[in-house]
Amino acid sequence: MSDADNAADDAEDIDGGGSDEQRRDRLDRHGTPGPRNSLWSWPTAKSPLVVMRNYVVIVLARICPSLRLKNRLLSAIGVTVGEGVAWGLESTPDVFWPERITVGDDAIIGYDATLLCHEFLQDEYRLGDVVLEDRAMVGAGAVVLPGVTVGEGAQVAANSLVASDVPPGTTVAGVPAEVVSTAAPDGGADASDDSPGE
């Protein structure tokens, strides 16, 4: 095994602790040979003009109080935005690859939450789609990593790091985020599923 392979394996071990093989399998990996880390190669990965445009639009969307205008702005740079989506102030979609984000109907992305579709590592960068299904909620300050799907009606607690898929109807919390409750069929919390990690 090469040093690059070892470094990639080490990076996988620290990518949030979720160790979700499904997420990792969904990531597109792009090697970046050279003396410096992969972030130095970003201009060859994505057009600098496109990134600058995305950045300006995202800054405007982050401070815009109108939910309709936020949705229009983010749709204009490629985010798939469902009906009734609510973006909190300062929430941030991926600036490099916003077109890899899909947000379902009536989903909520809380204040200062971040949806990432890329990871720049030492010897490679990785890309993955982020999907928030209908009525999913991402709390304030939470970070959703590339390749993650937050299921229908699922909730991510504030300041959580989501490194693996969130099943529909569950609530996750922590760093890395773990399941803390599951909605019962009648819509209430099922007390039997309140323990973390189930």
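In this structure, does Asp10 turn out to be assigned to a loop (DSSP other than H, G, I, E, B) and either under 28 Å from Val175 (Cα atoms) or modelled with pLDDT of 95 or more (or both)?
Here the answer is no, as Asp10 does not meet what is asked.
Please go through the stretch 86-120 and pick out each residue that is open to solvent by 30 Å² or more (accessible area, probe 1.4 Å) and in contact with a Cys (Cβ under 6 Å, 6 or more places away or on another chain).
Matches in the stretch 86-120: Arg100 only.
Any residue in the stretch 90-99 that is of a type in the set (Phe, Trp, Tyr) and not in a loop (DSSP other than H, G, I, E, B)?
No, every residue in the stretch 90-99 fails to be of a type in the set (Phe, Trp, Tyr) and not in a loop (DSSP other than H, G, I, E, B).
With the condition kept exactly as written, say whether any residue in the stretch 157-168 is more than 30 Å from Gly31 (Cβ to Cβ), surrounded by fewer than 20 Cβ atoms within 10 Å (Cβ to Cβ) and touching a residue at least 40 places away in the same chain (Cβ under 8 Å).
Yes.
The values are calculated or read from the model by the stated rules, or taken from the named source; none is laboratory data. Remember, it's a predicted structure, so these values are computed and weren't measured experimentally. Glycine gets a Cβ as well: all are built from the backbone with ideal geometry, and neighbour counts include every protein chain shown. For the accessible areas, the whole protein counts, side chains as well, though only heavy atoms, and no ligand, DNA or RNA atoms are used. Shrake-Rupley method; radii C 1.70, N 1.55, O 1.52, S 1.80 Å.
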